Structure formats: structure tokens, C-alpha cells
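Colleague: Attaching a single structure in C-alpha cells format; questions to follow.
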Amino acid sequence: PVVGVWGDFLSMSFPGIYWGTTDSVRISTRVRDFWDAPTLPWLDFRPFLSEPDSLAHGIVWKVEIDGVDPQDGRLDPLGAGTARFAVFFNRGMDTRHPPILTFGVRDPWTQHIVRDGATWSENGRVWSASYAIDAGSGDGMNCVRVTGAVDPEGFEIPPETGRFWFNIQAAGSASNEFVATAGVGKVLLEWPPAATDDALGYNLYRATATSDTTFADPVLINSTLVLDSTYTDFAVTPNTAYLYSYRIVGTDMAESDPSKSVAATPVGAASGDANGDMAVNVLDIVAVVNYVLEERPEPFLAEAADANLDGHIDVLDVVRIVRTILGLPKTADTAPVAATAELTVEDGFIVLRSAVPVAGLQFSLVGAGADSLRLTPTDALTGMETGSVVRGGQATYVVYSLSRTVLPTGTVALFHVNGARGTQLRDIVLSDTDGRQIPTDVVADEVVALPSAYGLSQNYPNPFNPSTTMGLALPQAADVQLAVYNLAGQRIRLLRQGRLEAGYHRVVWDGRDDRGRAVASGVYLYRLEAGGYLETRKLAVLK
């Protein structure tokens, strides 16, 4: 160094040195002198070398990416595609020992290895190779690391790291064709497939607008990895703005940086159009019933399915949609009706008592026995549609009609229940013919269980014409005989003979004898014999 005086201050001159760059501004920021602290001398680094001396041991003095030195030139962000890296050494190197060139977004900058199409220059001073950048390469500022090269004297270069930085925006550039198309209650997302064999699939993210200019944090919307490059988001609210992005999931299960974001605002549908096909028909009934039964139909527009606008989707909405399909007048009244009703379990039957006709109902049987229970519809449900699902200790049933069939006022046995020990009746919803709720005056919580003793119930209806039903209670499997006798003790009809399993059973008599002839009006006896149990009751035939 040359020491001198610059004005009233001490100066030092270091000419002929390579400072790692040819940018004088960068050099000045790498030294600490008078301009940083007045007590220090001023440093004059001019003239400086544009590259290190070849007499020194081998070092990296420059790295070019696509022909640009990121230290001294303007290197635009790299998108998806092939980039060419060139490493410049101060002298000819031993080409038997190629350098290890890596880059990454975090220390030690070894996340990606550059080695495709590697070549040496004739003088051994430049080594170059290519790397295919894709959306999984890691968007953001990446740093180059070079190690491993050896000069002719056998000296290995000192690790080069921290000087050469470049920006990757591959995820964003690869997603320029990412499109979100808003539909009725849905958003269709499409994007170009990842141009890499390391991609396993995709994760989709959705942010919901919280105001006209802000969005909430994005959340993952797919429950399983998306393997295709399309996805339809049905879990949306009409007229709400959303922002979507996706990330590529690689073979190492790591996600890429997010793609560009695209916005979409799905539109709403008419009341009752549960599936968003711009029509109200039986398909919407099926969609709502499946939703009530927790079958997760898609597409499904909850806002349109809530036909009575009470914030719940249940059989009340089914009845209202049926009225729409049938062209019946719509009622604006959504308040519960004044009359009350109840659903109970009696002698192995689910029984409805209502002061008004019932157009639809739903209920659940909950408990350990729900998975094995069996419900058999009675004749009272003729003309009604029944949907059910049994899952995880709960059986849910929905009853409705597409033909305006209703359950009459009074007491009606709906289902014969068998095999449901330890099960309780819950979540009852009853609808009148206008889709209004019929309140239940008690909370139905009866235990549905196998009978504790043998029993024979009184037939109903009684008197009857043309048929009647009798109920049997068996606490355990048994050989049974059920027969009808006249008052003289003569058997006129054998109704059931053989082995029956434990539970409640129903038997229907059509008023005919064993020869198929209708019996005369009058009083008859019916008797049950089962497991040593014997009981006789009277019934009346009225022509």
C-alpha cells in the first residue's frame, strides 16, 4: 500500500488489486474507510484489476447465469426453463476435477445441483453446465455455491459462496395460464401441468375476501392431493370474492412456492336449486336428502337448498322444494305451526302422533345398537319416499312425498324396529304440508331396546276391514306359532309358525282363513305360543 495525505486527512492507496467485482460502487461498500468513520484514512482502490492474477492459486472470480454476471449486470428473474451457469477461474484448472456447483434459498445453498451438459473451455478456465428450473426450484433469492475444483498444483479452491445471487420466479411464471372460472355455486380452477418429473400433485389454496381490498389468510381446500391440473371448488358461498393459488408437491413431499393468485366470485342460484343447474327439479330433492343424510353431494349450494331461509337444511326444505316442483303456491310464513306432534317408540314401532297432517319428517336413532338396527316401513308409508343412512353409531331417516301424500292426523305406526338395543330417538324434525315445522311437545328420548319379556300386542285397527296388524315381542330367539281361532276354539288361520329371532315383529292378517276365504263378521281369538309363553287376545272383523 502507498500511504499519503489527502487534504488534512491520511490516505492509503491499494492499486492493482482484484476486489471480487468490477463495480466500483460495490468495491466501496466492501471497505471501511474515512467515509464510514472520520478517524480512518481514506482508501483509494483505483486502479483495480478486472479479474484476479493468474499467478495466484485457483479461485472462482466470476459466475455468469445465462451470460450475465449477477454481481455486475442486470439479471432478470428466472422463470421456468433451462438456465446455463458458467464458472470462471483465474487460471487453467485440472479438468479431471470439475467443480460442484449448487444453489438454493437457504444456507448452505446446496438444495439444487447444476450438472447437466457440463463442459470445460479449451484453456480450462471456464466450466459450464445447465439446470432445468421449474416451479419446484424455490422462488425467491437464490445464492450460488462453488466448491471442489482443483488447480494444476493440486490446490482445491476455497468455497465460493455469498457473492452471486439471482432471483427465481418459476412458480409464478409457470402459472401464467392459471385460470379461475366462476359458476353457479362453484369455481372451476385450471392450470398448466408441472414441467417436471418430480411433481407428485398439487395443493389448492383459497383466501376469502374480508373487505373490498383485503383477504383472509389462504387455507388448503383439497383433502387429498390433486393429481390432475383441474379442480372444482364447491365449498363456496355465492357472491363472495375468493383468491386462489396452488403449490406443486414434489417427490420429497415439499411444496413449491405459491403460483400467481387468481380471483373469482361464484354466483347464486334460485331458491331450491340445490345442485346449481339453473332448474328446480327432483335432482335438487335428491341433493338435499343426501345432504341431510351427510352424503356430501357435489355440487351443492347450501344457500339455495335452504328453501325456507331458516339457516338449516332439513326435511322442511325438502317439502318446500317439492311444492315448487309441483307448482303449488309458496307460503312466506316460516313460523312453526300452532299444533304439536310427537314421535315415540312403542312396542317395537316408531309411532307418530300429530294434530295436523305431516308431509315430511326426519329423525335419528343414536347409540351402540344403531349400526345393527333394522327399520321396516309400515303400510302407513305407502306413497312416501324414505331415505336412510347408518354410520358410526347413528341411523338417520328422511321421509317425504313427491306426490303430495301425507301422514294423517292421529296415531300412526311408521316403522317396525328390530335389533336396536341401547338406541335413542333424537333430532326429530316434522313438517306440515307447507314446509313449516311442527313442534314436538316433548323431547323424544325413548330407549329402543329388545323386549325384556314375551308379549302379544292388541291388533290395530280393531275392529278391522280388510286387514289388521298384530305385534309380537320376543326377548330371545324362539319357535313361535301365531294363529286365529273362532269362539268355538277351532283354528281358522295359521298366521306364523317357525323360528323367529329376538325382537319386535309384526304380523298382518287379511281376514281370510287357511283356504283363502273371507271370514264372516264377528269376534275371533288370536293366540301366541313361544318359548313356553302363551297369550290370547280378542279381535273383531267388521264387514
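The values are calculated or read from the model by the stated rules, or taken from the named source; none is laboratory data. Predicted model, so just to flag it, every value in this text is computed and none were measured. No Cβ is skipped: glycine too gets one built from the backbone with ideal geometry, and neighbour counts run over all protein chains shown. Heavy atoms of the whole protein, side chains included, go into the accessibility calculation; ligands, DNA and RNA do not. Shrake-Rupley method; radii C 1.70, N 1.55, O 1.52, S 1.80 Å.
Colleague: Among residues belonging to region 390-407 that are open to solvent by 20 Å² or more (accessible area, probe 1.4 Å) and aliphatic (A, V, I, L, M), point out the one that is farthest from Ala359 (Cα to Cα).
Modeller: If we take residues in region 390-407 being open to solvent by 20 Å² or more (accessible area, probe 1.4 Å) and aliphatic (A, V, I, L, M), then Val390 is farthest from Ala359 (Cα to Cα).
Colleague: Here's another thing I want to ask about it. Just to be sure I understand, how many residues within region 416-429 are in contact with a helix residue (DSSP H, G or I) (Cβ under 8 Å, 6 or more places away or on another chain) and at pLDDT 90 or above?
Modeller: Result for region 416-429: 1.
Colleague: Between a first residue in region 306-325 that is open to solvent by 50 Å² or more (accessible area, probe 1.4 Å) and a second residue that is assigned to a loop (DSSP other than H, G, I, E, B) and modelled with pLDDT under 95, which pairs have beta carbons less than 9 Å apart while being 6 or more apart in sequence or on different chains?
Modeller: Leu309/Ser271; Leu309/Thr334; Asp310/Thr334; His312/Asp306; Ile325/Gly272; Ile325/Val280; Ile325/Asn281; Ile325/Leu402
Colleague: Which residue pairs have Cβ atoms under 7 Å apart, sit 6 or more places apart or on different chains, and have a first residue in region 328-345 that is at pLDDT 85 or above and open to solvent by less than 60 Å² (accessible area, probe 1.4 Å) and a second that is part of a loop (DSSP other than H, G, I, E, B) and among the basic types (Lys, Arg)?
Modeller: So the pair list comes out as Val337/Arg436.
Colleague: Quick check on my filter: what residues within region 408-427 are surrounded by 22 or more Cβ atoms within 10 Å (Cβ to Cβ) and part of a strand (DSSP E or B)?
Modeller: Hits for region 408-427 are Leu414, Phe415, Val417, Thr423, Leu425.
Colleague: Now for a separate question. Among the residues of region 444-469, which ones are assigned to a strand (DSSP E or B) and either farther than 17 Å from Asp510 by Cα or at pLDDT 90 or above (or both)?
Modeller: Val447, Val448, Gly455, Leu456, Phe464, Thr468, listed by residue number.
Colleague: Yes or no: Arg84 assigned to a strand (DSSP E or B), more than 39 Å from the chain's Cα centre (by Cα) and surrounded by fewer than 17 Cβ atoms within 10 Å (Cβ to Cβ)?
Modeller: Taking the combined requirement at face value, the residue satisfies it.
The rows are residues; the columns are (1) open to solvent by 70 Å² or more (accessible area, probe 1.4 Å); (2) within 15 Å of the chain's Cα centre (by Cα); (3) within 30 Å of Val398 (Cβ to Cβ).
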{"site": "Tyr202", "(1), (2), (3)": "no, yes, no"}
{"site": "Asp233", "(1), (2), (3)": "no, yes, yes"}
{"site": "Ala241", "(1), (2), (3)": "no, no, no"}
{"site": "Ser245", "(1), (2), (3)": "no, no, no"}
{"site": "Met253", "(1), (2), (3)": "yes, no, no"}
{"site": "Asp257", "(1), (2), (3)": "no, no, no"}
{"site": "Ala264", "(1), (2), (3)": "no, no, no"}
{"site": "Asn275", "(1), (2), (3)": "no, no, yes"}
{"site": "Pro297", "(1), (2), (3)": "no, yes, yes"}
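Colleague: Which condition from (1) assigned to a strand (DSSP E or B); (2) modelled with pLDDT under 95; (3) farther than 28 Å from Asp197 by Cβ is the one that Phe103 breaks?
Modeller: All conditions pass for Phe103, except number (3).
Colleague: Moving to a separate point now. Return the total of residues in region 175-191 being open to solvent by 20 Å² or more (accessible area, probe 1.4 Å), modelled with pLDDT of 85 or more and farther than 22 Å from Asn275 by Cβ.
Modeller: Looking only at that region, the number is 1.
Colleague: Does region 470-493 hold any residues that are open to solvent by 50 Å² or more (accessible area, probe 1.4 Å) and in a strand (DSSP E or B), and which are they?
Modeller: Answer for region 470-493, where residues must be open to solvent by 50 Å² or more (accessible area, probe 1.4 Å) and in a strand (DSSP E or B): Asp479, Arg491, Arg493.
Colleague: While we're here: Among all residue pairs at least 6 apart or on different chains, which show Cβ distances below 6 Å where the first residue, located in region 366-394, is touching a residue at least 24 places away in the same chain (Cβ under 8 Å) and in a strand (DSSP E or B) and the second is open to solvent by 60 Å² or more (accessible area, probe 1.4 Å) and among the aliphatic types (A, V, I, L, M)?
Modeller: none
Colleague: Which one of these is aliphatic (A, V, I, L, M), farther than 20 Å from Asp233 by Cα and touching a Lys or Arg at 6+ places or on another chain (Cβ under 8 Å): Leu309, Leu293, Leu316?
Modeller: Within the list Leu309, Leu293, Leu316, the selection yields Leu316.
Colleague: Out of all the residues in region 242-250, is one or more free of Cβ contacts under 8 Å to residues at least 60 places away in the same chain and in a helix (DSSP H, G or I)?
Modeller: Checked region 242-250: no residue is free of Cβ contacts under 8 Å to residues at least 60 places away in the same chain and in a helix (DSSP H, G or I).
Colleague: Still on this structure, please answer the following. Run down Ala269, Ala287, Ala355 and say which single residue is surrounded by 15 or more Cβ atoms within 10 Å (Cβ to Cβ), in contact (Cβ under 8 Å) with a residue 24 or more places away in the chain and not basic (Lys, Arg).
Modeller: Ala269
Colleague: Further question: What number of residues within region 104-134 are in contact (Cβ under 8 Å) with a residue 12 or more places away in the chain, farther than 13 Å from Arg84 by Cβ and in contact with a Phe, Trp or Tyr (Cβ under 9 Å, 6 or more places away or on another chain)?
Modeller: Residues flagged as in contact (Cβ under 8 Å) with a residue 12 or more places away in the chain, farther than 13 Å from Arg84 by Cβ and in contact with a Phe, Trp or Tyr (Cβ under 9 Å, 6 or more places away or on another chain) within region 104-134 amount to 8.
Colleague: Could you identify the single residue in Ile350, Ile313 that is of a type in the set (A, V, I, L, M), closer than 23 Å to Asp427 by Cα and part of a loop (DSSP other than H, G, I, E, B)?
Modeller: Just a single option satisfies the conditions, and that option is Ile313.
Colleague: Name every residue in region 21-40 that is part of a loop (DSSP other than H, G, I, E, B) and either surrounded by fewer than 16 Cβ atoms within 10 Å (Cβ to Cβ) or charged (D, E, K, R) (or both), in order of residue number.
Modeller: Scanning region 21-40 gives Asp23, Val31, Arg32, Asp33, Trp35, Asp36, Ala37, Pro38, Thr39, Leu40.
Colleague: A further question on this structure: For region 508-530, how many residues meet the condition of being outside any loop (DSSP other than H, G, I, E, B) and in contact with a Phe, Trp or Tyr (Cβ under 9 Å, 6 or more places away or on another chain)?
Modeller: Residues meeting the conditions: 7.
Colleague: If only one of Ala235, Ala263, Ala332, Ala307 is small (Gly, Ala, Ser), under 20 Å from Leu204 (Cβ atoms) and assigned to a loop (DSSP other than H, G, I, E, B), which one is it?
Modeller: Ala235
Colleague: Taking Gly387, is it touching a strand residue (DSSP E or B) at 6+ places or on another chain (Cβ under 7 Å) and surrounded by fewer than 18 Cβ atoms within 10 Å (Cβ to Cβ)?
Modeller: no
Colleague: Tell me which residues, restricted to region 494-515, are open to solvent by 40 Å² or more (accessible area, probe 1.4 Å) and over 27 Å from Leu373 (Cβ atoms).
Modeller: Leu494, Asp510, Arg512, Asp514, Arg515, listed by residue number.
Colleague: Could you look through region 89-119, keep only residues that are hydrophobic (A, V, I, L, M, F, W, C) and buried (at least 18 other Cβ atoms within 10 Å of the Cβ), and pick out the one that is farthest from the chain's Cα centre (by Cα)?
Modeller: Among residues in region 89-119 that are hydrophobic (A, V, I, L, M, F, W, C) and buried (at least 18 other Cβ atoms within 10 Å of the Cβ), the one farthest from the chain's Cα centre (by Cα) is Met93.
Colleague: What's the number of the only condition in (1) closer than 23 Å to Ala270 by Cβ; (2) of a type in the set (Lys, Arg); (3) modelled with pLDDT of 90 or more that Arg353 fails to meet?
Modeller: Of the numbered conditions (1) closer than 23 Å to Ala270 by Cβ; (2) of a type in the set (Lys, Arg); (3) modelled with pLDDT of 90 or more, the odd one out for Arg353 is (1).
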